[in-house]
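The values are calculated or read from the model by the stated rules, or taken from the named source; none is laboratory data. As the structure is a computational prediction, the values presented were derived from the model and not from experiment. All Cβ positions, even for glycine, are placed from backbone atoms using ideal geometry, and neighbour counts span all protein chains on display.
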Amino acid sequence: MKKLVFGLMLVVLMAIPLGNARAVTNPIEGKMIALDAGHEGTDTGAYNSAYNLAENDVNLAVVLSLKTKLELAGATVVLTREGNETIDSRKSRVDIAKEKCASYSKECDILISVHHNGSYSPVTDGTMVIYNEKQDKPLAFALHDSLVNSFGLPDLGYDNGGYGITVHGHLVSALTESYFVTNNNEAYQFLYGNRNGQEVQALYDGISYYFLNKPTKRK
């Protein structure tokens, strides 16, 4: 009987693909990631008056939660702002990120600026990602696809715009507009549902995909 059980176990083990037995590499571990919560202080960004919800607060909540998740995965994370402190320009945001990365004797691997869109209509919604340079495209595409797949909102695509923080510093960067904070359903889900957690997971997944699949630089 013992020989029979052992034989069955051996058959099962032999049937497991060798690749599945190997440890899966954590693409986040050891990375230097800068996060920017868009807007601050009196610059609220988009504003939902029905729920008294300002974009700058939503941006910061997402960034703080994402920072924790990335650090648990072994990344070093720096923030351009940690509260409602005033930052005088978009270029200053990039400079802050670069200086904080340099304090760890590293360069920022990526910079992500978290935003949420606005409209005069309380029902308008959708997902967009903005990038500037060619080097930014793999990151922008990874974040975009992850957010669109997670939220299932209208796909507003990409904007290759020479504005926002992505135009400064030549860092690999992207600016996310995950949804419209002026959409009343989105505001409700952020305040009383799990929109924040869903977005953080989608951004985390997009970042992971980027590091697993980014083009290798030639020496």
For Tyr163, only one of the following conditions fails: (1) aromatic (Phe, Trp, Tyr); (2) at pLDDT below 95; (3) touching a helix residue (DSSP H, G or I) at 6+ places or on another chain (Cβ under 7 Å). What is its number? (3)
Among residues of the range 170-215, those that are part of a helix (DSSP H, G or I), in contact with a strand residue (DSSP E or B) (Cβ under 8 Å, 6 or more places away or on another chain), aliphatic (A, V, I, L, M) and in contact (Cβ under 8 Å) with a residue 60 or more places away in the chain, counted: 4
Just checking, does the range 116-139 include any residue being outside any loop (DSSP other than H, G, I, E, B), among the small types (Gly, Ala, Ser) and under 17 Å from the mean Cα position of the chain (by Cα)? no
Would you tally the residues in the range 107-152 being surrounded by fewer than 22 Cβ atoms within 10 Å (Cβ to Cβ), at pLDDT below 95 and polar (S, T, N, Q)? 1
Please work out which residue is farthest from Ala37 (Cα to Cα), limiting yourself to the range 60-72 and to residues that are of a type outside the set (Lys, Arg) and in contact (Cβ under 8 Å) with a residue 60 or more places away in the chain. Leu70
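For the range 23-58, how many residues are in a loop (DSSP other than H, G, I, E, B) and within 17 Å of the chain's Cα centre (by Cα)? Even if it seems obvious, please write down each step before you answer.
First pass over the range 23-58, keeping only residues in a loop (DSSP other than H, G, I, E, B): 23-31, 38-39, 41-42, 44-46, 49-52.
Cutting the leftovers down to within 17 Å of the chain's Cα centre (by Cα) gives us 26-31, 38-39.
Residues that pass the stated criteria total 8.
Could you grab me the full set of residues in the range 84-105 that are part of a loop (DSSP other than H, G, I, E, B) and either surrounded by 14 or more Cβ atoms within 10 Å (Cβ to Cβ) or in contact (Cβ under 8 Å) with a residue 40 or more places away in the chain (or both)? So that I can check it myself, show each step before the final result.
Narrowing the range 84-105 to residues part of a loop (DSSP other than H, G, I, E, B): 84-89, 103-105.
Correct list: Asn84, Glu85, Thr86, Ile87, Tyr104.
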